[in-house]
Amino acid sequence: MSPAKKAKTNTEDYLRMYRQMVRIRSFEDNANQLYLAAKMPGLTHMYSGEEAVAVGICEALTDNDRITSTHRGHGHCVAKGAEFKEMFCELLGKEEGYCRGKGGSMHIADQSHGNLGANAIVGGSMGIATGSALRAKLQGSDDVTVCFFGDGATAQGLMYEVMNMAALWNLPVIYACENNGYSEYTRTDEIAAGSITARAEAFGIEAFQIDGQDVLAVNDLAQKLVARCRKGEGPFFIELMTYRYHGHHVGDINREYYRSKEEEKDWKDNRDPIIRFRSYLVEQGIASEEEIEAMNAEIKADAEAAVEYALNAKYPDASEVDMHVFAD
């Protein structure tokens, strides 16, 4: 690990980051089981393996700061402060969900914590994030917007349009590219020519590449860039090197035709962000193995209870079909 500050003085922060990463993993494990048990409608896209990216960045933000998310967005939602119960209700189409069951996995939003929403369109939230940053600048607000997107979204023309505007107007936005090595079923190096960070640098935007499996390194960089954004020095671009453990979506089970089991095993065994951070916490004397196991068990129980609650929750009434669709 690359500790951002002295470990002993950051016990509370570090334990919270670990808890958030485990909460994301636990949420995804349960979401996957809901799909496999045919209890969840539609498909969802697992974030397992990428937890250090969402947590490292969102821990540098406040509730007033905004994020935009992707079709693989559960991790961002949890990291920005969302609760299990409302999230599972949303996935199952229940009225207590964050979007009253209308958004589901790929359109979940939690604006109370600054999550402007997931987007099923690849790169679709880039304009929303840049618009949010423009709003902040015009209003004289010091909030920052982070735009999460995958490596495949770098092929979208919208990215270049909005980065051009953000650079011209010095907008407080951070473009966070989660490079998990694959765009659906194709290796990133087969769809993206040249350097991904060079795309931002062409607009005069400072760009960074970082190990997305190291939550402390991600958080350290995010804190610095968020502070600079608040002083009017944005925009910025980060390429976070990470990996998704599951397939492109929950139905993508037999993946050997585009990536090997050996590759997956290597990432899980040697580069897992939760295992790496857990080892660091124990080595630094921040938490014992027993304390960590107790935390893990508590989170697992919370997730399972939330699933049970959501399965038994009410569906929205049919009269709500046009609610929140048209402005009054």
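The values are calculated or read from the model by the stated rules, or taken from the named source; none is laboratory data. Note that the coordinates shown come from a computational prediction; the quantities given were computed from them, not determined experimentally. Cβ: placed from backbone, ideal geometry, glycine included. Neighbour counts: every protein chain shown. The protein model used for the area step is the full one, side chains on, heavy atoms only, and it has no ligands, DNA or RNA in it. Shrake-Rupley method; radii C 1.70, N 1.55, O 1.52, S 1.80 Å.
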- request: Six or more apart or on different chains, Cβ under 7 Å: which pairs go from a residue in segment 50-75 that's buried (at least 24 other Cβ atoms within 10 Å of the Cβ) to one that's among the charged types (D, E, K, R) and outside any loop (DSSP other than H, G, I, E, B)? Could you list them?
  value: Glu50/Glu178; Glu51/Arg25; Val53/Glu178; His74/Glu28; Gly75/Glu51
- request: Could you please give the count of residues in segment 309-328 that are in a loop (DSSP other than H, G, I, E, B) and either acidic (Asp, Glu) or surrounded by 11 or more Cβ atoms within 10 Å (Cβ to Cβ) (or both)?
  value: 6
- line: Across segment 245-265, the tally of residues that are closer than 15 Å to Ser48 by Cα and part of a helix (DSSP H, G or I) stands at 2
Complete set of residues in segment 264-303 that are open to solvent by 50 Å² or more (accessible area, probe 1.4 Å), of a type in the set (Asp, Glu) and closer than 18 Å to Gln20 by Cβ: Glu291, Glu293, Glu298, Asp302
task: Pairs only if they're at least six apart or on different chains, beta carbon under 8 angstrom, first in segment 279-307 and farther than 14 Å from Arg25 by Cβ and of a type outside the set (Ser, Thr, Tyr), second open to solvent by less than 60 Å² (accessible area, probe 1.4 Å) and outside any helix (DSSP H, G or I); list them, first residue then second.
output: Leu281/Ala287; Val282/Ser288
query: Of the residues in segment 90-111, how many are open to solvent by less than 20 Å² (accessible area, probe 1.4 Å) and of a type outside the set (Gly, Ala, Ser)?
result: 6
task: Could you check Leu138 against (1) over 14 Å from the mean Cα position of the chain (by Cα); (2) farther than 22 Å from Glu184 by Cβ; (3) open to solvent by less than 10 Å² (accessible area, probe 1.4 Å); (4) of a type in the set (A, V, I, L, M, F, W, C) and say which number it fails?
output: (3)
field: Elements of type helices (runs of 4 or more DSSP H) in segment 142-244, at least 1 residues being open to solvent by less than 10 Å² (accessible area, probe 1.4 Å) and either without any contact (Cβ under 8 Å) to a residue 12 or more places away in the chain or farther than 24 Å from Val55 by Cα (or both)
entry: 157-169
- prompt: Quick one: is Ala306 in a helix (DSSP H, G or I), in contact with a Leu (Cβ under 7 Å, 6 or more places away or on another chain), under 18 Å from Cys99 (Cβ atoms) and of a type in the set (A, V, I, L, M, F, W, C)?
  reply: no
